[in-house]
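Data block below; observations after.
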Amino acid sequence: MPGPRRPADLDDGCFEPPCPVPECGRFTRWVPVGEDTPPDPRNIYAATKLHQEHLCSLWAAIWIDGRCLRYHNVYGPRMLETRLRRGGFHLSCA
């Protein structure tokens, strides 16, 4: 698990967390996660969201028809400039 970001890196505008191996000196990089990757919640928020899915699935199996949707935010260079959410995201960070 990466450690905290270094204040000097943040001052320089580098927001990527450092590699967890002390001798490495490089920064972590993002990689795609496949749809078949098993869930592995790494914080309380993620664990409660996964538990919510399990509860909804149980409810749907016993009482009513239901679906679990996983909402996510994707921001990147291929996102259209005209997308409302992108504009709102950038405005809120400005």
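The values are calculated or read from the model by the stated rules, or taken from the named source; none is laboratory data. As the structure is a prediction and not an experimental result, all values here were calculated from the model. We place every Cβ from the backbone using ideal geometry, glycine too, and count neighbours over all the protein chains shown.
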Check: Residues of region 26-57 being among the aliphatic types (A, V, I, L, M) and either within 27 Å of Arg5 (Cβ to Cβ) or not in a helix (DSSP H, G or I) (or both), which ones?
Finding: Val31, Val33, Ile44, Ala46, Ala47, Leu50
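Being at pLDDT 85 or above and assigned to a helix (DSSP H, G or I) is true for just one of Ala60, Ala8. Which residue is that? If you could, list the steps in order and put the result at the bottom.
Working: Ala60 fails: at pLDDT 85 or above.
Result of the check over Ala60, Ala8: Ala8.
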